[in-house]
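The values are calculated or read from the model by the stated rules, or taken from the named source; none is laboratory data. Fair warning: this is a prediction, and the values are worked out from it, not measured in the lab. Note: ideal-geometry Cβ built from the backbone for every residue, glycine included; neighbour counts use all protein chains shown. Accessible surface areas use protein heavy atoms only, side chains included; no ligands, DNA or RNA. Shrake-Rupley method; radii C 1.70, N 1.55, O 1.52, S 1.80 Å.
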Amino acid sequence: MSNTNFEPSTVARRVQDDDAEDLYVLDVRREEDYEEWQISDSTNLPIYDELLEFDYSSLEDNLDEIPKDEEIAVVCVGGITSARAAEFLREHGYDAESIEDGMNGWGRVHRQYDLDVADGVVQVVRPGTGCVSYLVHDEDEAVVVDPTQYIDEYLTVADERNLDIVGVADTHAHADHVSGARRLSGELDVPYYLHDDDAGELEEVVEIEDGDAISVGDRSLDVVYTPGHTPGSVSFEFGDALLSGDTLFLRSVGRPDLEDGDEDAVREAASELFDSLDRLTDRDDETLVLPGHFSDEEMRPLATNLENLQEETTNELLSYVEADDETAFVETIVESLADEPANYNEIKQINWGKEQPGGDVESLELGPNNCAAN
């Protein structure tokens with residue numbers, strides 16, 4: 001048996017792919033922390049406080065509930081108490097390892113997928129936070145859309161495909177994660193594209209508006225102005241693919257209350273969002289929707305065409321758009337708004353250029369994704 005640690009990326013692969021059957025993820029954090037944010041299909045045994053005191057009695061009392069015929073991946077907040085639990089389990093005959101850096105490490109994992117159904121698109125999924133970003137490419141050029149702060153992920157994607165990144169774009173000013181667009185743009189000395197209404201105090205932005213085209217090799221990334229989630233939200237068309245940002249998800253739509261929580265302002269933004277969704281769905285049925293976030297959807301890559309999306313019953317808000325019922329759309333949004341993303345005000349200030357990232361900027365965005373309207 002091994003006494004090394006599980007890499008979070010290995011856990012992400014095994015949880016998502018076919019070899020997950022023999023992996024048992026044991027989360028030892030407090031129950032309230034687990035309920036808020038967890039690894040899919042994991043099991044919670046809330047003994048974190050006891051492990052801090054090197055008390056293994058509760059773990060020992062629950063040994064019969066832990067399978068001996070599977071590998072055990074133990075997770076906590078930062079990997080310390082889970083390492084203690086894994087060592088104890090190994091001493092009792094279990095094949096157990098701790099997940100490196102715990103949920104902090106889980107939140108940093110990125111996985112990449114080449115889209116067979118969308119020529120020239122690489123989807124980069126961050127399973128721990130629900131963030132999705134893209135690298136679109138043609139010939140030997142690429143543009144990165146909605147990068148996270150972990151810019152090496154995108155440099156690696158480009159390098160593996162012998163691509164030169166010639167531009168970086170954000171679909172909007174994000175509230176749930178710190179954008180890596182400015183940093184990536186600065187490091188490569190390439191343009192950073194963003195709509196002016198979301199640019200805040202940023203000076204290095206190349207402003208984009210509806211109908212603009214960003215060149216990528218012999219193709220273009222076409223700008224579609226889709227306000228509502230934020231005043232400057234855009235979507236991008238790349239051939240038959242629609243990178244819908246936080247305007248349209250597979251099971252919901254972007255929430256319109258993260259700029260101004262006043263109910264009148266939320267209603268006005270929701271009406272704008274309704275119009276934007278109406279515009280997006282007035283496309284060919286085969287248009288491939290590539291969203292900027294996901295919740296618990298298991299499909300990888302995360303993509304479906306408009307026809308399937310409109311026929312599904314899992315996106316209630318989109319059904320109101322299909323029925324041309326703006327009143328029901330707005331009322332449903334206003335009545336169903338959930339908790340805001342963690343630290344979203346501070347994250348927005350950073351992405352607007354109004355604040356500089358602090359020393360622990362990585363921790364700002366850890367936790368559940370709450371950018372959807374319901």
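Across the alpha-carbon set of the stretch 239-366, the Rg to Rh ratio works out to 1.00, Rh being the Kirkwood radius. Net charge dipole, the chain: roughly 860 debye, given to the nearest 20, about the Cα centre with Cβ charges of +1 for Lys and Arg and -1 for Asp and Glu. Where the alpha-carbon atoms of the stretch 1-117 are placed on the principal axes, they occupy 52, 29, 22 Å, in descending order. Ligands, DNA and RNA left out, the 1.4 Å accessible surface of the stretch 135-254 is 35% carbon and sulfur atoms.
The slack between L52 and D282, meaning 0.36 nm per residue of separation minus the straight C-alpha distance, is 77.2 nm. At 1.4 Å probe size, with no ligands or nucleic acids counted, give the accessible surface of C131 in Å², nearest ten. Surface open to solvent at C131 totals about 10 Å². List the relative contact order of the chain as a percent without decimals, with contacts defined as Cα pairs under 8 Å and 6+ residues apart. Value for the chain: 13 percent. A crude spin-label estimate for the pair N162 and T43, with each label 7 Å from Cα along the Cβ direction, gives 4.9 nm. Full extension of the chain segment joining E7 with E204 gains 67.3 nm, where the gain is 0.36 nm per residue of separation less the Cα-Cα distance.
For the stretch 88-191, the set of GluC sites (Glu not before Pro) satisfying both a DSSP loop assignment and a count of at most 16 other C-beta atoms within 10 Å is given as E139. Think of the chain as having a plus end and a minus end, set by charges on the Cβ of Lys, Arg, Asp and Glu; of N343, F88, G180, F88 sits farthest toward the positive end of this dipole. Scaled against the 2.2 N^0.38 Å expected of a compact globular protein of N residues, the Cα radius of gyration of the stretch 126-212 reads 1.04. Rolled with a 1.4 Å probe across the full set of protein chains, the surface gives R183 an accessible area near 140 Å².
Give the separation of the Cα centroids, the stretch 280-318 to the stretch 87-141, in Å. Here the answer is 22 Å between Cα centres.
Taking every Cα-Cα distance in the stretch 273-329 and sorting them into 10 Å bins from zero, the calculated P(r) comes out as 22, 56, 21, 1 percent. For a paramagnetic label modelled on D22 (point 7 Å from Cα along Cα→Cβ), amide N atoms under 18 Å away belong, within the stretch 59-84, to 67-74. Protein heavy-atom accessible surface, 1.4 Å probe, per residue over the chain: 43 Å².
A Cβ-based charge dipole, computed about the Cα centre of the stretch 50-197 with Lys and Arg at +1 and Asp and Glu at -1, lands at about 360 debye.
Computed over the alpha-carbon atoms, the chain gives an Rg to Rh ratio of 1.00, Rh here being the Kirkwood radius from the mean inverse distance. Amide H contacts of F6 (H built 1.01 Å from N, in plane; Pro and chain starts excluded): S98, I99, E100 sit under 5 Å, all sequence-distant by 5 or more or on other chains. Taking Cα centre as origin and charging only the Cβ of basic (Lys, Arg, +1) and acidic (Asp, Glu, -1) residues, the dipole magnitude of the stretch 150-279 rounds to 540 debye.
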